[in-house]
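See structure below.
The values are calculated or read from the model by the stated rules, or taken from the named source; none is laboratory data. Worth saying up front: this structure is predicted, and the values here are computed from it rather than measured. A quick note on method: Cβ atoms are made from the backbone with ideal geometry, for glycine too, and the neighbour counts reach across all protein chains shown. Note: areas computed on protein heavy atoms with side chains; ligands, DNA, RNA excluded. Shrake-Rupley method; radii C 1.70, N 1.55, O 1.52, S 1.80 Å.
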Amino acid sequence: MHRLSKRSVKSLLRSSTAARYRDVAAPISSSHFFYQSADADSKGRWYSVLTSGRCDIIESTKPFKTRNEPFLGCRFESTAVASGASDSPSEKFEYQAEVSRLMDLIVNSLNASDALDKLRFLGVTEPELLKDAVDLDIRIQTDKENGIITITDSGIGMTRQELVDCLGTIAQSGTAKFLKALKDSKDAGADSNLIGQFGVGFYSAFLVSERVEVSTKSPKSDKQYVWVGEANSSTYTIREETDPAKQLPRGTRLTLYLKRDDKGYAHPERVEKLVKNYSQFVSFPIYTWQEKGFTKEVEVDEDPAEANKEGQDETAEKKKKTKKVVEKYWDWELTNETQPIWLRSPKEVSKEEYNEFYKNTFNEYLEPLASSHFTTEGEVEFRSVLFVPSVSGMGKDDMINPKTKNIRLYVKRVFISDDFDGELFPRYLSFIKGVVDSNDLPLNVSREILQESRIVSASGIQFFLRQWSIYHLHVKLSSDKLFHVGCKVRIMRKRLVRKAFEMIQGIALSENRDDYEKFWENFGKHLKLGCIEDRENHKRIAPLLRFFSSQSENEMISLDEYVENMKPDQKDIYYIASDSVTSARNTPFLEKLLEKDLEVLFLVDPIDEVAVQNLKAFKEKNFIDISKEDLDLGDKNEDREKEIKQEFGQTCDWIKKRLGDKVASVQISNRLSSSPCVLVSGKFGWSANMERLMKAQTVGDTSNLEFMRSRRVFEINPEHPIIRTLTEACRSTPDDEEALRAIDLLYDAALVSSGFTPENPAQLGGKIYEMMNFALAGKWGTVSEYQQQANQQPHIPETVEAEVVEPVEAGGHK
């Protein structure tokens with residue numbers, strides 16, 4: 001056991017109250033309600049400190065010696081001094097600290113719960129400890145005008161010596177020794193829910209308090225003692241309580257005199273909020289002193305003028321006038337009403353209880369679609385209750401924001417955090433809500449790993465250690481310990497994810513199909529995001545996906561249903577990506593597949609195409625995009641293909657020459673039946689749908705579009721009349737302007753029908769208008785219109801008339 005010098009303790013306490021921690025006082029104040037206490041000594045002397053984990057009997061310890069630092073290797077005896085603060089004598093002591101535990105100076109809660117747990121456990125074998133018949137509870141009272149918070153528990157209390165040993169030694173845990181004694185005793189299997197382990201939580205009270213008083217009465221002692229410490233002092237005093245009004249039947253009363261800047265934490269509403277947030281599921285009742293009111297009717301004094309008027313009418317019945325007023329009063333109110341149902345057996349909890357717990361815990365008004373209550377044992381032991389919400393959150397960025405506060409982590413029923421960044425659930429499952437309670441995770445390390453609180457972050461740890469390093473105490477966190485806890489967290493994540501998928505699968509297999517349709521409408525995009533981010537769970541995600549198809553345009557189908565409907569000789573799963581079911585249904589890529597009765601999935605959500613490309617296959621069936629080149633429909637006829645290539649090879653070369661670099665090649669299509677041509681994408685580039693999406697990105701880099709845009713292949717349908725006509729033109733007049741213009745228009749039409757965006761829409765419109773004018777003028781044009789056209793070119797008709805009507809030939813004269 002080693003004592004720090006006066007300067008070192010002052011440095012710690014002052015640095016603890018530095019301005020950089022002012023804005024994090026809220027979580028510190030929450031520590032007033034549950035503290036991590038510590039162990040008990042091997043001699044079996046057990047006691048509790050209301051909010052101190054530093055309640056330990058000091059055993060003989062070998063001094064920690066360091067060269068050139070003699071003060072670390074010696075123990076200074078406490079010095080008794082007189083105090084004028086009370087009629088009873090006071091003794092003054094200096095703080096002591098275990099250097100080996102300085103790494104654990106990170107904790108944010110004081111825990112009166114441990115005091116009650118110890119008393120309840122010891123009361124089984126020592127009934128005399130409970131002779132006062134005081135209820136086991138915790139009561140918190142505030143004085144917002146004076147900035148005082150009083151926390152009282154009816155736990156086991158402390159004797160005078162225990163006060164010295166517990167509150168006078170930093171980083172030595174009484175609860176840790178208590179648990180060690182339990183393990184060494186015959187009651188090793190007893191279920192004690194003690195929380196504290198490190199013995200430093202009590203001292204965090206000085207972060208917001210100028211002065212702290214601890215008044216405690218142990219059932220082992222007839223006297224009550226008061227411990228007093230100040231933030232800017234390296235000593236503390238202990239005196240006997242002689243005021244009868246302040247006597248406790250049993251337990252501990254902690255009084256915090258808040259600093260001027262922190263008096264806001266003494267508001268009753270704020271204390272109640274902190275208790276509900278951090279100690280909602282502590283097993284003992286927590287009462288807070290709250291202002292209440294009730295409505296009553298009181299008589300109203302009559303106006304003298306009205307009284308005289310009424311007095312004139314003797315026959316009138318006199319009625320007393322009243323009004324309703326709210327009379328306020330102060331009383332204790334139970335704050336932690338919600339019970340931790342995850343500690344009960346799932347067989348004992350009804351569906352109504354799960355729904356009620358879900359609504360109360362997460363402020364929801366709708367019942368969840370599904371729930372899962374389970375206990376995991378093995379490498380990591382924890383209990384959990386998970387829920388699938390009925391609707392998604394109001395925010396549109398829930399899918400891309402992993403910090404949804406939907407998972408609440410508890411350690412031994414003490415709230416740790418709900419602010420995670422994918423540690424317990426991947427972001428695509430961030431919509432899952434629930435509670436996780438683990439007894440394996442240490443409070444201080446789990447916060448450093450799991451929580452982004454500034455108090456317990458790496459920077460916070462470095463800040464504390466930097467203060468101690470002034471005195472050459474170079475302490476660092478154990479990397480082995482952090483690694484061990486990190487492994488536990490990863491195991492917890494895997495099991496939680498597996499249970500979440502089991503819940504969703506249960507909804508999918510439910511007889512009520514509407515439940516999964518409702519789920520998919522709200523959270524379908526989350527699962528598609530999982531296809532991109534979580535390859536390890538592709539086999540769990542794929543069966544849950546739903547898509548429209550060419551054979552089911554009004555109702556989504558699963559991939560399992562698609563595989564069941566596949567043709568016997570069908571090897572792949574076909575899909576087309578588009579912006580709507582209507583455009584997908586009318587795309588020319590579908591023509592041959594519809595003829596063969598092959599089902600095609602319609603990917604109409606922007607994320608669908610990327611999700612399916614990441615899946616790659618389902619049940620050994622590859623996903624094939626029918627809008628890309630080299631489509632194999634399983635009906636190849638090599639002889640027939642050779643004949644067609646010989647017949648239309650010259651046409652393909654002619655069209656390619658005209659289109660130039662617009663297309664990579666011109667080929668004979670095996671996917672068209674009614675359309676003359678189509679423009680397909682290369683195998684490894686963007687499809688037309690993806691190209692459209694990338695162009696629409698608000699922060700997209702247009703310089704990469706040309707690089708990522710795939711090669712385009714122009715496919716023609718040799719059976720179509722237009723292609724046959726162009727083939728004749730190619731053979732007879734390949735340089736004819738009308739034929740070449742027809743190729744340009746054919747390409748532009750294929751560009752639009754295939755889902756691409758024309759580079760010059762106005763030019764395409766001009767070509768269409770010209771063709772319309774030619775067609776309409778020939779069918780509905782009048783004679784005068786033709787004459788007007790002829791007048792525009794008079795020399796051509798005159799020459800024709802002179803040759804056709806010859807006067808000499810008509811008359812027969814020579």
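Considering only residues of the stretch 425-447 that are modelled with pLDDT under 85, of a type outside the set (S, T, N, Q) and under 18 Å from S384 (Cα atoms), which is surrounded by the fewest Cβ atoms within 10 Å (Cβ to Cβ)? Can you show your working first?
So in the stretch 425-447, the residues modelled with pLDDT under 85 come out as 439-447.
Applying the additional criterion that residues be of a type outside the set (S, T, N, Q) yields 440-443, 445, 447.
Remaining after also requiring under 18 Å from S384 (Cα atoms): 440-443.
Details: D440: 16, L441: 24, P442: 20, L443: 27.
Ranking the qualifying residues of the stretch 425-447, first place goes to D440.
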The stretch 740-767, subset farther than 24 Å from T651 by Cβ and exposed (fewer than 15 other Cβ atoms within 10 Å of the Cβ), residue nearest to the chain's Cα centre (by Cα): T757
Quick one: is R671 modelled with pLDDT of 90 or more, basic (K, R) and open to solvent by less than 20 Å² (accessible area, probe 1.4 Å)? yes
Quick check, is Y236 at negative phi, among the aromatic types (F, W, Y), at pLDDT below 90 and in a strand (DSSP E or B)? yes
Inside the stretch 386-401, the number of residues satisfying the requirement of being surrounded by fewer than 22 Cβ atoms within 10 Å (Cβ to Cβ) and either modelled with pLDDT of 70 or more or farther than 9 Å from F431 by Cα (or both) is 11
Take the conditions modelled with pLDDT under 90 and in contact with a strand residue (DSSP E or B) (Cβ under 7 Å, 6 or more places away or on another chain) and apply them to A617. Does it pass? no
Report whether or not T216 is under 18 Å from Y257 (Cβ atoms), at pLDDT 70 or above, open to solvent by 30 Å² or more (accessible area, probe 1.4 Å) and among the polar types (S, T, N, Q). no
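For the stretch 624-680, what are the residues that are small (G, A, S) and part of a loop (DSSP other than H, G, I, E, B)? Steps first, answer last, please.
Initial filter on the stretch 624-680 (small (G, A, S)): 627, 634, 649, 660, 664-665, 669, 673-675.
Once the filter is applied, which keeps residues that are small (G, A, S) and part of a loop (DSSP other than H, G, I, E, B), the stretch 624-680 yields S627, G634, A664, S669, S673, S674, S675.
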Test result for F684, out of contact with any His (no Cβ under 6 Å at 6 or more places or on another chain), more than 30 Å from P606 (Cβ to Cβ) and not charged (D, E, K, R): no
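Taking the criterion of being over 17 Å from L615 (Cα atoms) and either open to solvent by 30 Å² or more (accessible area, probe 1.4 Å) or assigned to a helix (DSSP H, G or I) (or both), would at least one residue in the stretch 538-549 satisfy it?
Taking every residue of the stretch 538-549 in turn, at least one turns out to be over 17 Å from L615 (Cα atoms) and either open to solvent by 30 Å² or more (accessible area, probe 1.4 Å) or assigned to a helix (DSSP H, G or I) (or both).
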Of all residues making up the stretch 329-367, the number that are open to solvent by 30 Å² or more (accessible area, probe 1.4 Å) and among the hydrophobic types (A, V, I, L, M, F, W, C): 5
Every pair of residues 6+ apart whose Cβ atoms lie under 9 Å, when the first sits in the stretch 633-654 and is in contact (Cβ under 8 Å) with a residue 60 or more places away in the chain while the second is surrounded by fewer than 10 Cβ atoms within 10 Å (Cβ to Cβ) and acidic (D, E): G634/D569
Filter result for I576 (open to solvent by less than 60 Å² (accessible area, probe 1.4 Å) and part of a strand (DSSP E or B)): yes
Residues being of a type in the set (S, T, N, Q) and open to solvent by 10 Å² or more (accessible area, probe 1.4 Å): count how many of those fall in the stretch 149-169. 4
Residues of the stretch 580-618 being open to solvent by 30 Å² or more (accessible area, probe 1.4 Å), in a loop (DSSP other than H, G, I, E, B) and closer than 26 Å to I716 by Cβ, in sequence order, are N586, K596, D597
For the condition more than 30 Å from Y575 (Cβ to Cβ) and at pLDDT below 90, what is the one hit in G778, G700? G778
Return yes or no: is L726 over 14 Å from L679 (Cα atoms) and among the hydrophobic types (A, V, I, L, M, F, W, C)? yes
How many residues, within the stretch 253-292, are part of a strand (DSSP E or B) and either crowded, with 20+ Cβ neighbours inside 10 Å or among the hydroxyl-bearing types (S, T, Y) (or both)? 9
For the stretch 731-770, which residues satisfy the criterion of being aliphatic (A, V, I, L, M) and in contact with a strand residue (DSSP E or B) (Cβ under 7 Å, 6 or more places away or on another chain)? L746, A750, L751
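Residue-wise test of (1) of a type in the set (A, V, I, L, M); (2) free of Cβ contacts under 8 Å to residues at least 24 places away in the same chain; (3) over 18 Å from V680 (Cβ atoms).
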site: E533; (1), (2), (3): no, no, yes
site: H538; (1), (2), (3): no, no, yes
site: L545; (1), (2), (3): yes, no, yes
site: E564; (1), (2), (3): no, yes, yes
site: Q570; (1), (2), (3): no, no, yes
site: V581; (1), (2), (3): yes, no, yes
site: D597; (1), (2), (3): no, no, yes
For the stretch 738-754, enumerate the residues that are small (G, A, S) and closer than 14 Å to K662 by Cα. A749, A750
Complete set of residues in the stretch 492-523 that are open to solvent by less than 30 Å² (accessible area, probe 1.4 Å) and either within 20 Å of I407 (Cα to Cα) or not in a helix (DSSP H, G or I) (or both): M492, L496, V497, A500, F501, M503, I504, F519, F523
What pairs come out if I take residues in the stretch 376-387 that are closer than 20 Å to E348 by Cβ and pair them with residues that are among the aliphatic types (A, V, I, L, M) and in a strand (DSSP E or B) whose C-beta lies under 8 Å away, six or more apart or interchain? F382/V436; R383/V436; S384/V435; S384/V436; V385/V435; F387/A370
